[in-house]
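The values are calculated or read from the model by the stated rules, or taken from the named source; none is laboratory data. If you're wondering where the values come from, they're calculated on a predicted model, not measured in any experiment. Cβ sites come from the backbone with ideal geometry, for glycine too, and all protein chains shown count toward neighbours. These area figures cover heavy atoms from the full protein model, side chains too; ligands, DNA and RNA do not enter into them. Shrake-Rupley method; radii C 1.70, N 1.55, O 1.52, S 1.80 Å.
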Amino acid sequence: IHLNLERVKEAASIMLGTHDFAAFCATPKSHDDKKKQDTRNSICSINDISMVTDESPVFPNLVTCMVSVTGDRFLYKMVRFLVGSLVEVGKGTLALSDIETALANGNFDHASIPFCAPAKGLVLTNVTYKEELCWVR
């Protein structure tokens, strides 16, 4: 897949800030999934989306891309939908205006349903709390 990384970076910059990310979360399918979703509030703040690309030393023309997303909280499957949408923008199948509209309205129109990136390769690297937590036994 060839991605236009400049367009991907533009889309990532649109996602920065505080928005209604309802368009970028999944609907729970099972009872266990429903426990993972907070339907009361879909307002989240994305502080940073960074990308690092690396060419494969073994396979010519293979470039890997690592995406890091930092925010105050995430909705169910939100990072997967963000990354999937970035890929679609890079491929040219999703417009930057679609991202803007989804953030403004809290949903995508039916013509531009976002792509959910596979969970394979998704890694949680760090959790930071603003204040010290007191664990109760």
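Checking C65 against (1) surrounded by 15 or more Cβ atoms within 10 Å (Cβ to Cβ); (2) modelled with pLDDT of 90 or more; (3) assigned to a strand (DSSP E or B), only one condition comes out false. Which one?
Checking C65 against (1) surrounded by 15 or more Cβ atoms within 10 Å (Cβ to Cβ); (2) modelled with pLDDT of 90 or more; (3) assigned to a strand (DSSP E or B), the one that fails is (2).
Just to be sure, is C44 modelled with pLDDT of 90 or more, surrounded by 14 or more Cβ atoms within 10 Å (Cβ to Cβ) and not in a helix (DSSP H, G or I)?
Answer is yes for this residue.
Every residue in the stretch 1-25 that is closer than 14 Å to L82 by Cβ, in a helix (DSSP H, G or I) and touching a Ser or Thr at 6+ places or on another chain (Cβ under 9 Å), please.
Within the stretch 1-25, A11, A12, M15, A22, A23, F24 meet the criteria.
Which one is most open to solvent (accessible area, probe 1.4 Å), of the residues in the stretch 47-62 that are without any contact (Cβ under 8 Å) to a residue 40 or more places away in the chain and in a strand (DSSP E or B)?
Here the answer is E55.
Which one is surrounded by the fewest Cβ atoms within 10 Å (Cβ to Cβ) among residues in the stretch 15-33 that are more than 14 Å from G106 (Cα to Cα) and at pLDDT 80 or above?
Step by step, filter the stretch 15-33, then rank; the result is G17.
Looking at (1) within 14 Å of V8 (Cβ to Cβ); (2) in contact with a Cys (Cβ under 7 Å, 6 or more places away or on another chain), which is the only condition R80 fails?
(1)
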